[in-house]
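Inspection log for the structure reproduced underneath, given as structure tokens.
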Amino acid sequence: MWFFMITCYVMSAVTFVLLSIAFLQSFLKFHVWQADHVTFMILTSIVYSFTETLVIFFFVGTGVSVKEYTLEHHLDSGYHKRSIGVKREVYPPLMMNILYMIVLFVLVGAVDTQRVPAWIYYSLFVFCIGDYLRVKIIQNNCFRKNTQIILDMSGIKKKVA
């Protein structure tokens, strides 16, 4: 569990750096690893997709583990209900951010071919980065709640900071 949670945090930071570089690259027209903005956005979209998929599977995996552990040890089903509550909190904003980012990644090509005005793309890009940060705050709170469920289930009397 800890390895995947730390990996989620590291990959989220990498994604934020890539998004920031891509945003600057769209204005300043510089190359990164000999890649122009459109090509770099493809890399960014792949890393973003991997990161958010990892986050989704983290919560799915820990939810399944909580359910199995409570059934095997005849514990209160409240732990599993809390785990479902965490997923209900994190999934809707995460899915909306994925949708926004998909639109952004498609629009980069439309702007490159001058089919869509650049100001629309820039506005959406700023919105997407802001929403990404908002979702990461929600995910952090959900990681903390999820960890607290695991600690409570195992009988460890410690509060997650």
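The values are calculated or read from the model by the stated rules, or taken from the named source; none is laboratory data. None of the values given here were measured: they were computed from a predicted structure. Note: ideal-geometry Cβ built from the backbone for every residue, glycine included; neighbour counts use all protein chains shown.
Quick look at the numbers
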{"read-out": "Subset of region 144-158 [touching a helix residue (DSSP H, G or I) at 6+ places or on another chain (Cβ under 6 Å) and of a type in the set (A, V, I, L, M, F, W, C)]", "value": "149, 153"}
{"read-out": "Counted residues, region 90-117 - those being outside any helix (DSSP H, G or I) and either charged (D, E, K, R) or within 25 Å of the chain's Cα centre (by Cα) (or both)", "value": "1"}
{"read-out": "Considering residues of region 4-32 that are among the aromatic types (Phe, Trp, Tyr) and modelled with pLDDT under 90 only, the residue nearest to residue 49 (Cα to Cα)", "value": "4"}
{"read-out": "Breaking point among (1) touching a Phe, Trp or Tyr at 6+ places or on another chain (Cβ under 6 Å); (2) over 18 Å from residue 17 (Cα atoms), for residue 128", "value": "(2)"}
{"read-out": "Subset of region 124-161 that is under 13 Å from residue 82 (Cα atoms) and among the charged types (D, E, K, R) - its residue that is surrounded by the most Cβ atoms within 10 Å (Cβ to Cβ)", "value": "152"}
